[in-house]
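The structure appears right after this line, and notes come after that.
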Amino acid sequence: MLTLFDRYDHATRELMQSLATAGIECTPVVVEYGGELPDGVLSPFVACTGLAPHGRPLFFDEVPVPPWSEIRQGREPYGEVLLDGRAIGRIHYEANSFREVERVDWLLPDGSVGHADHYDRHGNRYATTHYDDGAAYQTVYRGASDTEIEVHHGTRGVTVRSPGRLLAFPTLTAFVSWFLDEQGVADDRVLINSLSTPLLVMRRRGGTPRTTLWWQEPMPGGVPGNMALELEQPRALTSIVFSDERLLARVAAAHPGTPLELGYLSHLGQFADHRGFDARRVFTLTNSDELPWLEALLEALPDVAFSVAALTLMSERLHGLARRHPNLTLIPTATQRRIHEELARASVYLDVNAGAHVLDVVKAAYYLDLVVLAAAPVAKSPDHALVSGSVDELASRLTAVVAGPSGRTAALEELHRQAGPLSTPADYARRFGRPLIP
């Protein structure tokens, strides 16, 4: 089975992990290369240019710079390349890393970006994007081979250049379809998780519909246009699998006569084996001293240990709260290692931070198999938490969770089943119509 994805993001990792856990064989192809690709996964931009997926990330002070220039890191979340005191470059970092380079913007004298170099997780400069008046007009991908790929953002065309050969494709869709033919990838059964390029590729390849769409995204409005078209007159799809049973019900109600098969599967293998934690320990990561309901919880559960961490120094307001409540521990200027340690020690993650979501910690706690409780006014990721509408409700939930193993188990089951029942490898085998790998 061919699995065709737009990019290697969290949703794709979840789906690939689920298929692997179920023992479902597949040939994964990722259209766009964003600097990270696991072994065994194809991407046209990697395969055609000969990028080597080996080595370590590039650190900020290892960026190649012009003679007589210097690299400086200040308080900003990016580094700068300076020449005679003027910024000529800006170094952007990978999310959740310590100064590992993701992109370098090279600046024109007026401060606008002239071009940007992109670096992968192995320290390779794999692409350069060129700008005109602040708008990207071309990205060129290069690797160890003598083949270059040009993506023209205005026309959406793709050009493949190598000695003695020039291939021009009118669209990214045409380029990806050509790549599948070049690689000899069988497409008699296809799984996609996007309504963009993967769906367009399968429409282009024609023939009898043979594609399953796995829908992992929220659906805040109505049914997306491309999905609605397939639901009414299928050109590529035979079925849609939803990872949220509530969305399945919505779509089925909106399109009762669809010829597509609609079904549900939860992800597999997504939760860590969380052991060795303190059953009465609660952790919060914040970037604000606005923590609604925290003081009420400290007073209601004096024998529960609360720890609150921040990446920065903490305000006197929080220090005063800690002085009044001995069951509160503050962790200012927390390192990522310390945050990981706190998540490992805690039984509960408490989402009461009124500021921005820090390090995507709510989802991290969810997948680490902590009980995630959230205050409704500030809940960062309601699909990954048990959300309480009042402080009394939150205190009651927390009391039940820390009371003993049965309370924690019940909360985890409620949390994990919000989107629907938990699936099994056998459910996957029935859905995809192939026996499991021995």
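The values are calculated or read from the model by the stated rules, or taken from the named source; none is laboratory data. For clarity, every value in this text was computed on a predicted model and none was experimentally measured. Backbone-built Cβ (ideal geometry, glycine too); neighbour counts: all protein chains shown.
Restricting the search to strands (runs of 3 or more DSSP E) fully inside the stretch 1-103 and requiring at least 1 residues that are touching a residue at least 60 places away in the same chain (Cβ under 8 Å) and not β-branched (V, I, T) gives 2-5. So, of the residues in the stretch 52-102 that are under 26 Å from T312 (Cα atoms), modelled with pLDDT under 90 and of a type in the set (A, V, I, L, M, F, W, C), which turns out to be surrounded by the fewest Cβ atoms within 10 Å (Cβ to Cβ)? Checking each candidate, the answer is A95. Considering the conditions (1) at pLDDT 95 or above; (2) in contact with a Leu (Cβ under 6 Å, 6 or more places away or on another chain), M219 is excluded by exactly one of them, (1). If I filter the stretch 352-369 for residues that are at positive phi and touching a Phe, Trp or Tyr at 6+ places or on another chain (Cβ under 9 Å), do I get at least one hit? Checked against the condition, which is being at positive phi and touching a Phe, Trp or Tyr at 6+ places or on another chain (Cβ under 9 Å), the stretch 352-369 yields at least one hit. Evaluation of T129 against the conditions (1) at pLDDT 95 or above; (2) surrounded by fewer than 18 Cβ atoms within 10 Å (Cβ to Cβ); (3) under 28 Å from L4 (Cβ atoms) shows that the sole unmet condition is (2). When the residues of the stretch 108-126 are narrowed to those that are among the acidic types (D, E) and under 23 Å from A52 (Cα atoms), which ends up modelled with the highest pLDDT? Applying the filter and picking the extreme gives D117.
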